[in-house]
Amino acid sequence: MEKSSDPQTLGPARCSASDLLRWMGMGHEAGPRADQIVFPMRRVRTGTLVIHEGAPFESLYFISAGTFKAVHTDPDGYELVQGFLSRGDVIGLDGLSDGVYGGDAVALEDATVAIATFRELLQAARLVPALEQLVFLASGREIRRKNMTLEVMAAVGAEVRLARFLLQLIARQAEQGYSTRCMVLRMSRRDIASHLGIAHETVSRSLTALSDWGYIAVQHREIEILDPEGLERFKRVTRGPTIKPPGGRGWATRRTRIEEMTRAADSDGARVSATPV
């Protein structure tokens, strides 16, 4: 699908600084003064870019609804999906470093964002200091998201990378007050593959494997976590490529195999921590 670049402003629709604070979990800082500061809102249709890689940095985009993927394109034209953003995230923070946006942000579904030029945001922060804290909080979350991506990529086995990815998604969803077990993947298999550094066919095979081992149930893009404790144990496997246990959905075989691998990983960690410095 060809990506459009015509996000639509929602006519007279506005949101207040209090709304931004609530979206970011800082509702306790909302108040009459923040209510008086308003920002325009924009509808972003599926497949539309809200920022372009290399464009001059001017504004931050606060996600009110919907999901986006952050994409960097290398000189050879290869697209790397750097991450996925949803309500409570801020698009464009990487522009603070050198004055240009470091990648595209593409809507994976119809979405809504509030637009705050950085200059206006700094001016508003003089009246509502919590807005300056808001930028710090958003920047910290961006760093945390990058660190979580590194944690995913540290796993050797594709199944473990996928398990970590799914657990991170469901944890983020739970933070927003939604289900802790069921979710809908807004991104495609190819997007996930690009983000995890594996082939898109491997994503499908890994989903099937996790389903066969009893960790999850898969129905198209709908995922249900059947065994969250087991999946948490499984994500700690870092010793090498995972091996599919014989017996398909046999719980006893899977449990034995994973417990052996996690015990080995724990014992390696204990030996490292006990080594004199």
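The values are calculated or read from the model by the stated rules, or taken from the named source; none is laboratory data. On a predicted model such as this, the values are computed, not experimentally measured, just so you know. Here the Cβ is made from the backbone with ideal geometry for all residues, glycine too, and neighbour counts use every protein chain on show. Accessible surface is based on the protein model in full, side chains and every heavy atom, while ligands, DNA and RNA are left aside. Shrake-Rupley method; radii C 1.70, N 1.55, O 1.52, S 1.80 Å.
Can you name the residue in the range 94-109 that is within 17 Å of the chain's Cα centre (by Cα) and modelled with pLDDT of 95 or more and, of all such residues, is farthest from LYS146 (Cα to Cα)?
Among them, the one singled out is GLU109.
Which of the residues that make up the range 60-93 are farther than 19 Å from LEU169 by Cβ, among the charged types (D, E, K, R) and touching a residue at least 24 places away in the same chain (Cβ under 8 Å)?
Here is the first cut: in the range 60-93, the ones farther than 19 Å from LEU169 by Cβ are 60-62, 64, 72-79, 92-93.
From what's left, among the charged types (D, E, K, R): 74, 76, 79.
Across the range 60-93, the qualifying residue is only GLU79.
To keep it simple, each residue is scored yes or no on (1) part of a strand (DSSP E or B); (2) hydrophobic (A, V, I, L, M, F, W, C); (3) at pLDDT below 95.
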position	(1), (2), (3)
ALA163	no, yes, no
GLY177	no, no, yes
GLU232	no, no, yes
VAL237	no, yes, yes
GLY240	no, no, yes
GLY248	no, no, yes
ALA252	no, yes, yes
MET261	no, yes, yes
ALA264	no, yes, yes
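Every residue in the range 59-77 that is assigned to a loop (DSSP other than H, G, I, E, B), surrounded by fewer than 16 Cβ atoms within 10 Å (Cβ to Cβ) and in contact with a strand residue (DSSP E or B) (Cβ under 9 Å, 6 or more places away or on another chain), please. Full working, then the answer.
Let us first name the residues in the range 59-77 that are assigned to a loop (DSSP other than H, G, I, E, B), namely 66-67, 74-77.
Subset that is surrounded by fewer than 16 Cβ atoms within 10 Å (Cβ to Cβ): 74-77.
Once the filter is applied, which keeps residues that are assigned to a loop (DSSP other than H, G, I, E, B), surrounded by fewer than 16 Cβ atoms within 10 Å (Cβ to Cβ) and in contact with a strand residue (DSSP E or B) (Cβ under 9 Å, 6 or more places away or on another chain), the range 59-77 yields only ASP74.
Considering the range 170-191 alone, what residues qualify as being of a type in the set (A, V, I, L, M, F, W, C) and either surrounded by fewer than 17 Cβ atoms within 10 Å (Cβ to Cβ) or touching a residue at least 60 places away in the same chain (Cβ under 8 Å) (or both)?
Residues satisfying the conditions are ALA171, ALA174, CYS182, VAL184, MET187.
Could you list, in sequence order, the residues of the range 83-101 that are open to solvent by 30 Å² or more (accessible area, probe 1.4 Å) and in a loop (DSSP other than H, G, I, E, B)?
ARG87, ASP94, GLY99
Being within 13 Å of PHE84 (Cα to Cα) and either in contact with a Leu (Cβ under 7 Å, 6 or more places away or on another chain) or in a loop (DSSP other than H, G, I, E, B) (or both) is the filter here, so list the residues in the range 180-206 that pass it.
LEU185, ARG186, MET187, SER188, SER194, LEU196
Within the range 118-134, identify whether any single residue is touching a helix residue (DSSP H, G or I) at 6+ places or on another chain (Cβ under 8 Å) and assigned to a strand (DSSP E or B), and answer yes or no.
No, every residue in the range 118-134 fails to be touching a helix residue (DSSP H, G or I) at 6+ places or on another chain (Cβ under 8 Å) and assigned to a strand (DSSP E or B).
Being part of a loop (DSSP other than H, G, I, E, B), of a type outside the set (Asp, Glu), open to solvent by less than 30 Å² (accessible area, probe 1.4 Å) and in contact with a helix residue (DSSP H, G or I) (Cβ under 8 Å, 6 or more places away or on another chain), is that true of even one residue in the range 149-158?
Yes - at least one qualifying residue is present in the range 149-158.
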